Amino acid sequence: QVHLVESGGGLVQAGGSLRLSCAASGIKFSINTMSWLRQAPGKQRELVAGITSGGSTNYADSVKGRFTISIDNAKNTVYLQMNSLKPEDTAVYYCNALVGPYVHWGQGTQVTVSS
């Protein structure tokens, strides 16, 4: 069974940085894509960034230039480096992995940015 475990969330002041990690276990097939999404209170879940196993990336316009997604294929781990954080980045951050035809989700990690 596939498990995704996020870590690295927390409380940070505006302008600060955090690095999120998401480790996947129980993977029997190659991961196609891993992504970070976030959901703020009262809002829909939105894509923050995604990366393929080949290293191609895409970002939401709101985080371009501030966030960087990377992947360690050997460890089945995806990272999200978040710099210049803003209060509007406050949300629960989730990672997911596309493995074959299935999407697997982590439990989420809270990121809170104080002004």
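The values are calculated or read from the model by the stated rules, or taken from the named source; none is laboratory data. Since the model is a prediction, treat every value here as computed from it, not as a measurement. Cβ atoms come from the backbone with ideal geometry, glycine included; neighbour counts cover every protein chain shown. The accessibility values were calculated without ligands, DNA or RNA, using every heavy atom of the protein model including side chains. Shrake-Rupley method; radii C 1.70, N 1.55, O 1.52, S 1.80 Å.
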*Name the single residue, out of those in segment 27-68 being among the small types (Gly, Ala, Ser) and under 13 Å from the mean Cα position of the chain (by Cα), that is farthest from residue 112 (Cα to Cα).*
50
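Restricting attention to segment 1-16, which residues are assigned to a loop (DSSP other than H, G, I, E, B) and at pLDDT 95 or above? Write out each step before concluding.
Of all residues in segment 1-16, those assigned to a loop (DSSP other than H, G, I, E, B) come to 1-2, 8-9, 14-16.
Hits for segment 1-16 are 8, 9, 14, 15, 16.
Taking the conditions exactly as written (farther than 15 Å from residue 38 by Cα and open to solvent by 60 Å² or more (accessible area, probe 1.4 Å)), does residue 86 satisfy them or not? So that I can check it myself, show each step before the final result.
Details: farther than 15 Å from residue 38 by Cα: no; open to solvent by 60 Å² or more (accessible area, probe 1.4 Å): yes.
For residue 86, the condition - farther than 15 Å from residue 38 by Cα and open to solvent by 60 Å² or more (accessible area, probe 1.4 Å) - is not met.
Do we have any residue at all in segment 49-61 that's among the hydrophobic types (A, V, I, L, M, F, W, C), under 15 Å from residue 85 (Cβ atoms) and in contact with a Leu (Cβ under 8 Å, 6 or more places away or on another chain)? Explain how you work it out, then say what you get.
Going residue by residue through segment 49-61, those that are among the hydrophobic types (A, V, I, L, M, F, W, C) are 49, 51, 60.
Subsequent filtering for residues that are under 15 Å from residue 85 (Cβ atoms) retains 49, 60.
Of the ones still in play, those that are also in contact with a Leu (Cβ under 8 Å, 6 or more places away or on another chain) are 49, 60.
So far as segment 49-61 goes, yes, one or more of its residues are among the hydrophobic types (A, V, I, L, M, F, W, C), under 15 Å from residue 85 (Cβ atoms) and in contact with a Leu (Cβ under 8 Å, 6 or more places away or on another chain).
Do you know which of the residues in segment 39-72 that are part of a loop (DSSP other than H, G, I, E, B) and polar (S, T, N, Q) is nearest to residue 23 (Cα to Cα)?
Our first condition is that a residue be part of a loop (DSSP other than H, G, I, E, B); within segment 39-72, this holds for 40-45, 53-56, 60-66.
Adding the requirement that they be polar (S, T, N, Q) leaves 44, 53, 56, 62.
Values: 44: 24, 53: 14, 56: 19, 62: 25 Å.
Looking at the filtered set, the residue picked out is 53.
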*Look at segment 1-19 and say how many of its residues are open to solvent by 60 Å² or more (accessible area, probe 1.4 Å) and in contact with a Phe, Trp or Tyr (Cβ under 9 Å, 6 or more places away or on another chain).*
1
_Cβ-Cβ under 7 Å pairs, at least 6 apart or on other chains, segment 20-44 side open to solvent by less than 20 Å² (accessible area, probe 1.4 Å), far side of a type in the set (Val, Ile, Thr) and not in a strand (DSSP E or B)_ = 24/2
*Report the residue count in segment 81-115 for those that are farther than 17 Å from residue 40 by Cβ, under 11 Å from the mean Cα position of the chain (by Cα) and of a type in the set (A, V, I, L, M).*
1
*Test residue 21 against the stated conditions and say whether it is polar (S, T, N, Q), assigned to a strand (DSSP E or B) and at pLDDT 95 or above.*
yes
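Do the conditions hold for residue 94, that is, is it open to solvent by less than 60 Å² (accessible area, probe 1.4 Å) and among the aromatic types (Phe, Trp, Tyr)? Spell out how you get there, then give the answer.
On the way: open to solvent by less than 60 Å² (accessible area, probe 1.4 Å): yes; among the aromatic types (Phe, Trp, Tyr): yes.
Judged against the criteria, residue 94 is a match.
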*Looking at segment 73-115, which of its residues are touching a helix residue (DSSP H, G or I) at 6+ places or on another chain (Cβ under 9 Å) and assigned to a loop (DSSP other than H, G, I, E, B)?*
115
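Mind telling me which of the residues 75, 64 ends up being more than 22 Å from residue 101 (Cα to Cα), exposed (fewer than 14 other Cβ atoms within 10 Å of the Cβ) and either at pLDDT 95 or above or not hydrophobic (A, V, I, L, M, F, W, C) (or both)? First the steps, then the outcome.
On the way: 75 fails: more than 22 Å from residue 101 (Cα to Cα).
Of 75, 64, the one residue that is more than 22 Å from residue 101 (Cα to Cα), exposed (fewer than 14 other Cβ atoms within 10 Å of the Cβ) and either at pLDDT 95 or above or not hydrophobic (A, V, I, L, M, F, W, C) (or both) is 64.
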